[in-house]
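Beneath this line is the structure, given in structure tokens, with notes to follow.
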Amino acid sequence: MSKVKVKGRTAVYMYMPIITIAFLVGVNIWMYTREFDMGIVFSAFVLVYSFTVIAMYIVCKARRVQELVDFATGFAQVQKQLIKDLELPYGLMDSTGKIMWANTELAKLVGDSGFKYIFTLFQEVTEDTLAFEEGKKSVKVTYKDRNYALDLDFLGFDENFHEGEEEDKDNCLIAFYLFDETEENALRKKNMEQRLVTGLIYLDNYDDAIESVEDVRRSLLSALIERKINKYFSSMNAIVKKIEKDKYFLAIQQKYVSQLQSNKFSILDEIKSVNIGNEMSVTASIGLGVNGETYVQSCDYARVAIDLALGRGGDQAVLKDGDKIYFYGGKTKQVEKNTRVKARVKAHALRELLETKEKVLIMGHQLSDIDAFGAAVGIYRVCRAVNKRAYIILNEITTSVKPLVDRFKESEDYEDDMFIKNGKAMELVDSNTAVVVVDVNRPSYVECPDILKSTKAIVVLDHHRQSSEVIEGAALSYIEPYASSASEMVAEILQYIYDGLKLKQVEADALYGGIILDTQNFTNNTGVRTFEAAAYLRKNGANVMRVRQLFRDDMEDFRAKAEAIKNVEVYEEKYAITVLPADGLDSPTVVGAQTANELINIRGIKASFVLTDYNDKIYISARSTDEISVQLIMERLGGGGHLNTAGAQLECSVEEARAQIKGVIDEMTQEKEI
């Protein structure tokens, strides 16, 4: 016991009498300098006090130390027993994961065989998990079908434990605790599964389908469709409420959403299978709102989802989960609507919006083609009809549109600043400016993305299917995937802006050229309204021969296409993939699209993909027959488009882009999406 060293505040307390003696000696010396007699008396007192205190210190020191040791030992035993009997599983292990000690609860949990290494107990724990030197760490683990939170606490040793030695991290201990979260997770999962999911079901072509059936059978067709919907969702304890003749409101528990996703919303195919003599199959669109913070937000999500489904051509389901959006279906070709009511309504709304603004900025997508240019020219004519100053944003003039641009610049009927670049556009935009976007509905693809943030008066006119990336806050949005081209849509709008509106020949040529380009000379995605729009343009002076001259190839373009076709790779015996050499071409992306059109005409080829390395990006032009939707393939690569015509832009190498295309094809084939 004599070897026990007392340190800290206890040592100061025990040595306090010695310190007091030293103080009294100092006072005694001072008294000798003041009063000698009093110093002698005080010296006697100091001697007696010192003898008494030293004697008591020597006699009682061992006893006091023994009492301190007994107290500490007893306290440690109590503390050890408390930890051992703690109902929370608790243990100690070294830095290698070897379990050194476990309390009763942990021993009861893991059994005798568990006291080896923690890795044998929990597969989620690895050597990297234990690679920390301070603080705490928490890991989710599973043991015997129960869920635990494993909390790790690093226990370092101070210098009093290893005197004169540096701390050895490899020999330190790690305390760990187990918190059983099984019941909590089960309740959380149950609460999540019972959350309300709202949905909207719209019948896309209800009126057209009803009109194709005899009068006596129309009510039967409607009843069969409603029965299909009610029967399908009744197995999921859902509430289906018919709010209009072709619209339904849906309320369902979230636990059934995974079931809908796993069967790819098979109700879409069931509705199409209803046939009682109707010439046209009925298609439906579904929008679901998931994980909204409130019921109102879930309903808003459902509205956004159904708008996306309709904007993508219908016959599909869209699920909006917060910022994430999932698409299902959309493999069939969209059906053209015979009525022009929507076009007339949008035309009047466009005129009213433009009349409230002083000037208008018009833009299409980057590397503008004839369709985007023609649609922009058509809107330019609309602005002139309502006496508004208009500008067309055109940063890079491609070879396909250069002949038309030159005709406009040479004409005295148009202002010198009809075409402007981004810098000038940003100077012009203000609160009294309207921005009209044509032939594109993705903000990252427009000529000047920054201008969309500078005004709230935004109009979107496009024929491409919508994706999860949309132009937000548009005052007017007219997106019709069934339309052949943006030029067709604008040609229809022109007929309703003002009666007797007359186009100039160069304007009619631009719009007609846009239709020719996107329909591949009226052979692809062409409907009745396409020919009606073309007839309207012909009446306004569009010349077929002049327009066809716009599509004539330069020799370098022709050679590049021939080289690409020569080096084509046929993947899985039906996918043509090739690379277009862009060197020496003025508009390689346009030539790439033309090459994709050529490849799809080869017998046995169901889809073609042409890769063009241009401006540090890989531009992909994709074309297909009606058997495969290249739009779904391109969407997985961040692009989009139509069922038969789509594209994407990648920032990688050509070989990496080729590998990504093959990977998506393999993945979608396994999922039976294509």
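The values are calculated or read from the model by the stated rules, or taken from the named source; none is laboratory data. Remember, predicted model here, so these are calculated numbers, not experimental data. Here the Cβ is made from the backbone with ideal geometry for all residues, glycine too, and neighbour counts use every protein chain on show.
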Looking at the structure I just gave you, is residue 622 in contact with a Phe, Trp or Tyr (Cβ under 8 Å, 6 or more places away or on another chain) and within 20 Å of residue 522 (Cα to Cα)?
yes
Going through the range 257-297 in order, the residues found to be under 22 Å from the mean Cα position of the chain (by Cα) and charged (D, E, K, R) are 264, 293
Scan the range 75-84 and give yes if some residue there is at pLDDT 80 or above and surrounded by 14 or more Cβ atoms within 10 Å (Cβ to Cβ), otherwise no.
no
Among what's in the range 523-568 and is basic (Lys, Arg) and not in a loop (DSSP other than H, G, I, E, B), pick the residue that is surrounded by the most Cβ atoms within 10 Å (Cβ to Cβ).
561
By residue number, the members of the range 103-136 that are at pLDDT 80 or above, assigned to a helix (DSSP H, G or I) and under 22 Å from residue 82 (Cα atoms) are 104, 105, 106, 107, 108, 109
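Matching residues to (1) under 21 Å from residue 454 (Cα atoms); (2) in contact with a Cys (Cβ under 7 Å, 6 or more places away or on another chain); (3) in contact (Cβ under 8 Å) with a residue 60 or more places away in the chain:
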| residue | (1), (2), (3) |
| --- | --- |
| 346 | no, no, yes |
| 350 | yes, no, yes |
| 357 | yes, no, yes |
| 362 | yes, no, yes |
| 377 | no, no, yes |
| 390 | yes, yes, no |
| 397 | no, no, no |
| 409 | no, no, no |
Could you look through the range 265-305, keep only residues that are touching a Gly at 6+ places or on another chain (Cβ under 7 Å) and under 13 Å from residue 328 (Cβ atoms), and pick out the one that is surrounded by the most Cβ atoms within 10 Å (Cβ to Cβ)?
288
Can you name every residue in the range 197-211 that is touching a residue at least 12 places away in the same chain (Cβ under 8 Å) and surrounded by fewer than 16 Cβ atoms within 10 Å (Cβ to Cβ)?
207
Determine whether the range 504-522 contains at least one residue that is of a type in the set (A, V, I, L, M) and surrounded by fewer than 21 Cβ atoms within 10 Å (Cβ to Cβ).
yes
So, first residue assigned by TED's automatic domain parsing to the domain that holds residue 373 and among the small types (Gly, Ala, Ser) in the range 431-455, second residue crowded, with 20+ Cβ neighbours inside 10 Å and assigned to a strand (DSSP E or B), Cβ within less than 7 Å, six or more apart or across chains; the pairs are 434/360; 434/459
When you look at residue 468, is it buried (at least 19 other Cβ atoms within 10 Å of the Cβ) and either in the same structural domain as residue 396 (by TED's automatic domain parsing) or farther than 17 Å from residue 514 by Cβ (or both), yes or no?
no
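Matching residues to (1) within 21 Å of residue 488 (Cα to Cα); (2) under 37 Å from the mean Cα position of the chain (by Cα):
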{"position": "395", "(1), (2)": "no, yes"}
{"position": "401", "(1), (2)": "yes, yes"}
{"position": "405", "(1), (2)": "yes, no"}
{"position": "415", "(1), (2)": "no, no"}
{"position": "419", "(1), (2)": "no, yes"}
{"position": "422", "(1), (2)": "no, yes"}
{"position": "433", "(1), (2)": "no, yes"}
{"position": "441", "(1), (2)": "yes, yes"}
Based on what the data block shows, is residue 151 loosely packed, with under 14 Cβ neighbours inside 10 Å, under 25 Å from residue 183 (Cβ atoms) and at pLDDT 80 or above?
no
Listed residues 325, 362, 267; which is of a type in the set (Val, Ile, Thr) and in contact with a Ser or Thr (Cβ under 6 Å, 6 or more places away or on another chain)?
325
